[in-house]
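S.K.: I'd like to ask you about the structure that follows.
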């Protein structure tokens, strides 16, 4: 007879936490506090999580709800601990590193920017060499705008553009002070207006998904 999967805890993230507070920060979750931090968890079978669209939507919902209350460090999607004790030991072992990371992202949100070619910027009958030259020019222009925006953010992560992608010129994430979000958005809009051959697509504010790399080891 097959043995039932052990019940574990799904870790969604680690949040800044006030001592003595135990209320959940997102529907369907509980907190496991440790000093000035708290793990955001929900019951889960101790098995590999299938990261389908439903799971990823729930993951994003929970982290965005938590972020509306306090700063949060997202855990990798599908992270499951065997028990509360294992999770508590992990929090204690990595407490210094986690508090340092919290200090870096607290008061900030993530902006994601995708820069694409404006439709019709390339003539339909352009040769491959002409198309390549146009693409290089657009990449240089996008890089200039990225440098401008980088100066208004606390940190930047440049995302690679897939080789097969022809419309996207550049993409990056920016860690933006929440009090300067409107100013940052306005700057993106001005760059979009300034470069008519490019379209700037900004989304957010998001939890700092691209700025946190939690470590799990045996």
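What follows is calculated from the coordinates using simple rules that are stated; it is not laboratory data. Nothing here was measured: the structure is a model prediction, and the numbers come from that model. With ideal geometry, Cβ positions are generated from the backbone for all residues, glycine too; neighbour counts draw on all protein chains shown.
S.K.: Compute a Gaussian network model of the chain, connecting alpha carbons closer than 10 Å, and tell me which residue from 51, 175, 91 fluctuates the most.
M.R.: Per the Cα network of the chain with a 10 Å cutoff, 51 tops the list.
S.K.: Going by Cα centres, the stretch 156-181 and the stretch 71-94 are how many Å apart?
M.R.: 28
S.K.: For the stretch 7-106, just the Cα set please: Rg and Dmax, both in angstrom.
M.R.: 12.6, 36
S.K.: Note the direction-averaged projected area, equal to a quarter of the hull surface, for the Cα convex hull of the chain, in nm².
M.R.: Values: hull surface 63.9 nm².
If you wrap the Cα atoms of the chain in a convex hull and average its projections, you get 16.0 nm².
S.K.: Here's a follow-up. Between residue 106 and residue 54, what length in nm is gained on full extension when 0.36 nm per residue of separation is reduced by their alpha carbon distance?
M.R.: Full extension of this stretch gives 15.9 nm more.
S.K.: Right, another one. Distances over 18 Å make up what percent of all Cα-Cα pairs in the stretch 108-209? Show your work: numbers first, answer last.
M.R.: Numbers: 2364 of 5151 pairs.
Everything past 18 Å amounts to 46 percent.
S.K.: When the chain is treated as a GNM, springs tying every alpha-carbon pair under 10 Å, which of 156, 114, 166 comes out with the largest mean-square fluctuation?
M.R.: 166
S.K.: Under a crude label model (7 Å from the Cα following the beta-carbon direction), how far is residue 47 from residue 82 in nanometres?
M.R.: 1.8
S.K.: Considering the chain as a Gaussian network with a 10 Å cut-off on Cα pairs, which listed residue, 184, 96, 34, attains the greatest mean-square fluctuation?
M.R.: Sorting by GNM fluctuation, first place goes to 96.
S.K.: Need the full-extension length gain, residue 215 to residue 68, defined as separation in residues times 0.36 nm minus the C-alpha distance. One decimal, nm.
M.R.: Result: 50.4 nm gained on full extension.
S.K.: At R0 = 22 Å, how high is the FRET efficiency between residue 177 and residue 201 if r is their beta carbon distance? Nearest 0.05 is fine.
M.R.: So the FRET efficiency works out to roughly 0.55.
S.K.: Multiply the residue separation of residue 35 and residue 144 by 0.36 nm, subtract the distance between their alpha-carbon atoms, and state the gained length in nm to one decimal.
M.R.: Details: separation 109, 0.36 × 109 = 39.24 nm, distance 4.34 nm.
Additional length available on full extension: 34.9 nm.
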